[in-house]
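Comments concern the structure below.
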Amino acid sequence: MSSANDFTPVDSYQIDALYDSDALLVRDTVRRFVDERFLPDIANHFENATFPQELIPEIGALGLFGMHLDGYGCAGGSNQAYGLACQELERGDSGLRSLVSVQGSLAMFAIHKYGSEEQREQWLPQMATGEVIGCFGLTEPDRGSDPQNMTTRAIQAKGNYGGNAWRINGAKRWITNAGIAQLAVVWANTEDGVHGFLIPTDSDGFEVREITHKMSLRASVTGEFYMDDVVVPEAMRLPDAAGIGAALSCLSEARFGIAFGAVGIAADCLQVALDYSTNREQFGKPIAGFQLTQAKIADMMTDLTNAQLQAYRLAQLKDTGMIQPVHISMAKRHNVRIALNAARSARTILGANGVSTEYSPIRHMMNLESVLTYEGTEEIHTLVLGQSATHLPAFR
């Protein structure tokens, strides 16, 4: 029988015990990597707006790129394991989890699900090791929540462009990994709807520009790219990626990781708040002993538990093939929201020290302002939930 002394605030419902041993082993391995190799320098990288690219081969060696995909050098892990890996990566920083999510759940997943066998064999083994980094070009400067009406166009090339090829023109913005990617998965409108294409970033007419002056996701490589008569052969079109639904299915893969990643942030913020408040003394006692501080901690702990339960059930649904996009929308919306609330509460508990990157909550808080928006804004996911309940769309 457990006792009060067994109570752990960051796992108050003992949800860890629900995961299988393989998933927990992955979590512990990623946790050590984050603690030992990433966290010691993340504050400097955040302040300098850089990402530690030297860690990419190590991340590949751990099998984290495309870890939930089967074959082609991918680890083929469970969704429980992938979710817990994302939890630990984002506990480190949203930029770290974004690197892995974009590589595995967007770029690699698109090739794995919609690519030809030749495309899978050519690209996925190199991407699994991190030798080739991918990015995912869907969002445009004027098209975020309405990708169906993207302006990027692909037309069948003729004349000087040779035989069976495509000529692509357009622009994509807010693209994670754009500045370090060798391969871009690009979505474009054609005469018969949206299609996906694989474009090496060193192609003629393909120009990448870094997005600077960010106050969020600073330790992440974010860019935009422009395509001016970029020609790709038919062999670089994803043969089974027809329609906007293909692109959106990739986003569902990435949102799954976000739902778990937000749990990592909330847990980290709660732990930082507990460590700080039990050691910081004011008026003759630790500030953890004051009612207002305890109220904040109680709310953070309860919200974290709710998020952990949603994430665990989400992985169950995904592993059993029962998952629906609405499930992912609910978990992404809820878990990011509670993580942002936890970061803000932890920041207040830390007082003036809370605005220093010596402590993680302010960094998490700023990152979450982006996470709240990308992979579907909170408003869009709200409407997804509303439509699923009422069967009445409210997007227009």
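The values are calculated or read from the model by the stated rules, or taken from the named source; none is laboratory data. None of the values given here were measured: they were computed from a predicted structure. Neighbour counts are summed over all protein chains in view; Cβ atoms, including those assigned to glycine, are modelled from backbone coordinates with ideal geometry. With ligands, DNA and RNA removed, areas are computed over all heavy atoms of the protein, side chains included. Shrake-Rupley method; radii C 1.70, N 1.55, O 1.52, S 1.80 Å.
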One residue from L314, L270, L309 being in a helix (DSSP H, G or I), surrounded by fewer than 20 Cβ atoms within 10 Å (Cβ to Cβ) and either modelled with pLDDT under 95 or not β-branched (V, I, T) (or both): L309
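From R209, R173, which residue is free of Cβ contacts under 8 Å to residues at least 40 places away in the same chain, within 22 Å of the chain's Cα centre (by Cα) and in a strand (DSSP E or B)?
The unique qualifying residue is R209.
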Any hit, the range 143-153, residues being more than 25 Å from the chain's Cα centre (by Cα), modelled with pLDDT of 95 or more and within 23 Å of A242 (Cα to Cα): yes
Conditions (1) open to solvent by 10 Å² or more (accessible area, probe 1.4 Å); (2) more than 27 Å from S21 (Cα to Cα); (3) more than 18 Å from the chain's Cα centre (by Cα): number failed by G71: (2)
Residue match in the range 330-339 (condition: out of contact with any helix residue (DSSP H, G or I) (no Cβ under 8 Å at 6 or more places or on another chain) and either closer than 18 Å to L217 by Cα or charged (D, E, K, R) (or both)): no
Index of the failed condition, A184 passing every other in (1) part of a strand (DSSP E or B); (2) surrounded by 23 or more Cβ atoms within 10 Å (Cβ to Cβ); (3) out of contact with any Cys (no Cβ under 8 Å at 6 or more places or on another chain): (3)
Hits in the range 90-135 (condition: of a type in the set (D, E, K, R) and either closer than 22 Å to F46 by Cβ or touching a residue at least 24 places away in the same chain (Cβ under 8 Å) (or both)): E90, R91, D93, R97, K113, E118, R120, E121, E131
Sole residue being out of contact with any helix residue (DSSP H, G or I) (no Cβ under 8 Å at 6 or more places or on another chain) and either free of Cβ contacts under 8 Å to residues at least 12 places away in the same chain or open to solvent by 10 Å² or more (accessible area, probe 1.4 Å) (or both), chosen from D41, D20, D16: D41
Count of residues meeting criterion [assigned to a helix (DSSP H, G or I) and open to solvent by 70 Å² or more (accessible area, probe 1.4 Å)] in the range 320-340: 3
Residues being surrounded by fewer than 20 Cβ atoms within 10 Å (Cβ to Cβ) and part of a helix (DSSP H, G or I) - total across the range 127-146: 1
